[in-house]
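Have a look at this one.
The values are calculated or read from the model by the stated rules, or taken from the named source; none is laboratory data. Keep in mind the model is a prediction, meaning the values are calculated, not measured. Backbone-built Cβ (ideal geometry, glycine too); neighbour counts: all protein chains shown. Ligands, DNA and RNA are stripped out before the accessible areas are found, and what is left, the full protein with its side chains, is counted by its heavy atoms. Shrake-Rupley method; radii C 1.70, N 1.55, O 1.52, S 1.80 Å.
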Amino acid sequence: MSVTGTISAVTEKIVERSKASRRRYLDMIDEAVARQPKRKSLGCANVAHGFAACGTDKDALRNGSAPNIGIVTAYNDMLSAHQPFETYPDLIRKAARAAGGTAQVAGGVPAMCDGVTQGETGMELSLFSRDVIALSTAVALSHQMFDSAVYLGVCDKIVPGLVIGALSFGHLPAVFIPAGPMTSGLPNEEKGKIRQLYAEGKVGRDALMEAEAKSYHGPGTCTFYGTANSNQMLMEIMGLHLPGSTFVNPGTPLRDAITAESARQALAITALGNDYRPIGRIYDEKAVVNGVVGLLATGGSTNHTIHLIAMAAAAGIALDWSDLAELSAAVPLLTRVYPNGKADVNHFNAAGGMGFLIRELLGAGLLHEDVSTIMGSGLSNYTKEARLGPQGELVYADAAEASHDETVLRGCGKPFQLTGGLQVLSGNLGTSVIKTSSIPNDRHVIEAPARVFHSQEDLQAAFKAGELNQDIVAVVRFQGPKANGMPELHRLTPPLAVLQDKGFRVALVTDGRMSGASGKVPAAIHLTPEAVDGGPIAKIRDGDIVRLDADNGTLEVLADLSTRDAVKLDLSRNEAGTGRELFAAFRNIAGSAAQGASIFGVGR
């Protein structure tokens, strides 16, 4: 299958731009490849420490030459999406033994629940936790006892961090194992309405708590299409999940069968066998473009305009926002899942899910088929649905020929819109991104006076005081990586949505982030340069006219900024408490949002 001209041209541009850094990366992982278990070359004391507590697997690890899986787990009880992982290591060990191999928990990584920390000071650690997870993954795998690795993670920063860490050990095969979404609870749209009513003071805390508890009600990923579920889509469309495994609910026989088969597949693709498939080779320029196309076609999380840059850089691949902008103009929007619609990810899966989506995009020449995946050569292996066979085994069937619900999922011949769900904006304020898939068509262009804030709390206070009942572009600055770790500003959504529902022309401009679940209010986010670096956003004054044009990809202030000095802000309040003092080094060296906001640099 051939790809369209735009897909081909963007891919070739990335390949050329990445030539030197990608070569360095591949040389590094090639040097690390071992055709015998690495533990065989370790000292006797080293190996003895490694198998000392391994019970029935001790002899196999001591004397055998069968492959050994390293399990890197992000299990904890704080994330509903990660709670099911508590039992996965035993499932994986049993499946590995049955297949003639072994498995050990190599290590755990931290996993923050952004839902718990939203609007709190802990959120200032959230983005940097991605790089901590990458570092923790490297520590886990540094034992060098492993021939392959499986990664247990789902949520926002966890999967990108695991990918970055896995790519540092790019000579090892990597299978990512999801836990799946929780079953559908209170519809996300109804939950959003209660939040707005609470913001207006029309309902109390009890009503809000009841709505939240009915929405987030059990194990599994939150059901809206935010960063966590965008992560899972990416892992499947980039060939790092088993086909059809992404949106199967936890605690089901099918989910357990997928987990066991994932372990067997991790054993089947090591350097010890005949089908060696290291993640560093799978995660190439074509796979990266496939991931971007998937994100655009599904209206995925804006957070991935940061994470995809950082993940690609870890593989020596130089992706930038101009690539996303070019691809967005060529990729149609094929899904409507909250906040881009009323459905949740369970409805998406029932409508045809990933198998249908991938087949449609392949057929339209929008995905590279000629890629390597954990399942072998070719992305066509992913045009399947996962099912249980008569003996409880995992089997595959062809994906649905037609969508079962065209209000949720459509083919390329009848898209919801002709362009992707994300757009890059540029102009005299710098460069930013906007999620267009959930914005009403009549709100794609906003021109209104600016009101400047230095925190989301200040905006909320102004809203409660009745100061914002007018057309307004809310400018919330000093929220970038160097200022305070670039927290999500999710608490801005209810008050701005209330103003928009009153009929006012409303938009947000910020050098911070919004939740991947944020929706209907136009928001130019991740603005670079950030205010702390003296970016133009630091020169905006109350009353300046700001124009956001998502249709033409522009963001401008209609004022002469050349004679103004950039505002400076005392940021000492962000430097201590809730562990923030430990992240001072991260804030000092973090790259811009356009560079992945990473402490590791770009283009390595």
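Based on what the data block shows, is A99 surrounded by 14 or more Cβ atoms within 10 Å (Cβ to Cβ), more than 28 Å from the chain's Cα centre (by Cα) and modelled with pLDDT of 95 or more? Give the steps one after another, and end with the answer.
Values: surrounded by 14 or more Cβ atoms within 10 Å (Cβ to Cβ): yes; more than 28 Å from the chain's Cα centre (by Cα): yes; modelled with pLDDT of 95 or more: yes.
Spelling it out, A99 is indeed surrounded by 14 or more Cβ atoms within 10 Å (Cβ to Cβ), more than 28 Å from the chain's Cα centre (by Cα) and modelled with pLDDT of 95 or more.
From E581, E575, which residue is at pLDDT below 95, under 30 Å from C113 (Cβ atoms) and open to solvent by 60 Å² or more (accessible area, probe 1.4 Å)? Can you show your working first?
Values: E581 fails: at pLDDT below 95.
When all the criteria are applied, what remains is E575.
Determine, yes or no, whether T302 is over 22 Å from N68 (Cα atoms) and modelled with pLDDT under 95.
On the way: over 22 Å from N68 (Cα atoms): yes; modelled with pLDDT under 95: yes.
Considered against the rule, which asks whether it is over 22 Å from N68 (Cα atoms) and modelled with pLDDT under 95, T302 comes out as yes.
Kindly establish whether G389 is open to solvent by less than 50 Å² (accessible area, probe 1.4 Å) and over 23 Å from the mean Cα position of the chain (by Cα).
So G389 passes the test.
Can you spot a residue in the range 469-486 that is open to solvent by 60 Å² or more (accessible area, probe 1.4 Å), of a type in the set (S, T, N, Q) and in contact with a helix residue (DSSP H, G or I) (Cβ under 8 Å, 6 or more places away or on another chain)?
Within the range 469-486, one or more residues are open to solvent by 60 Å² or more (accessible area, probe 1.4 Å), of a type in the set (S, T, N, Q) and in contact with a helix residue (DSSP H, G or I) (Cβ under 8 Å, 6 or more places away or on another chain).
Which condition number does D501 fail, the rest of (1) open to solvent by 20 Å² or more (accessible area, probe 1.4 Å); (2) closer than 17 Å to K157 by Cα being met?
The number of the failed condition is (2).
Among the residues of the range 537-552, which ones are open to solvent by less than 20 Å² (accessible area, probe 1.4 Å) and not acidic (D, E)?
I537, A538, I540, V546, L548, A550
Give the range 95-139 a look and list any residue that's part of a helix (DSSP H, G or I), among the β-branched types (V, I, T) and in contact with a Pro (Cβ under 9 Å, 6 or more places away or on another chain), or say none.
T117, T121, V132, I133
Sticking with this structure for a sec: For the range 195-209, give me each residue that is open to solvent by less than 50 Å² (accessible area, probe 1.4 Å) and more than 27 Å from the chain's Cα centre (by Cα).
Answer for the range 195-209, where residues must be open to solvent by less than 50 Å² (accessible area, probe 1.4 Å) and more than 27 Å from the chain's Cα centre (by Cα): A199, V203, G204, A207, L208.
Test R359 against the criterion of being under 24 Å from P187 (Cα atoms), touching a Ser or Thr at 6+ places or on another chain (Cβ under 7 Å) and in contact (Cβ under 8 Å) with a residue 24 or more places away in the chain, and give yes or no.
Numbers: under 24 Å from P187 (Cα atoms): no; touching a Ser or Thr at 6+ places or on another chain (Cβ under 7 Å): yes; in contact (Cβ under 8 Å) with a residue 24 or more places away in the chain: yes.
The answer is no for R359.
Still on this structure, please answer the following. State the number of residues belonging to the range 423-448 that are farther than 20 Å from L496 by Cα and surrounded by 20 or more Cβ atoms within 10 Å (Cβ to Cβ).
Qualifying residue count, the range 423-448: 6.
Can L125 be described as farther than 19 Å from N229 by Cβ, at pLDDT 95 or above and not polar (S, T, N, Q)?
Judged against the criteria, L125 is a match.
Another question about this same structure. Quick one: which strands (runs of 3 or more DSSP E) sit completely within the range 421-513 and have at least 2 residues that are at pLDDT below 95 and either under 22 Å from the mean Cα position of the chain (by Cα) or of a type outside the set (S, T, N, Q) (or both)?
422-427, 430-435
Restricting to the range 17-37, and then to whatever is outside any helix (DSSP H, G or I) and more than 23 Å from S322 (Cβ to Cβ), can you tell me which residue is most open to solvent (accessible area, probe 1.4 Å)?
Per the stated criteria, the residue is R35.
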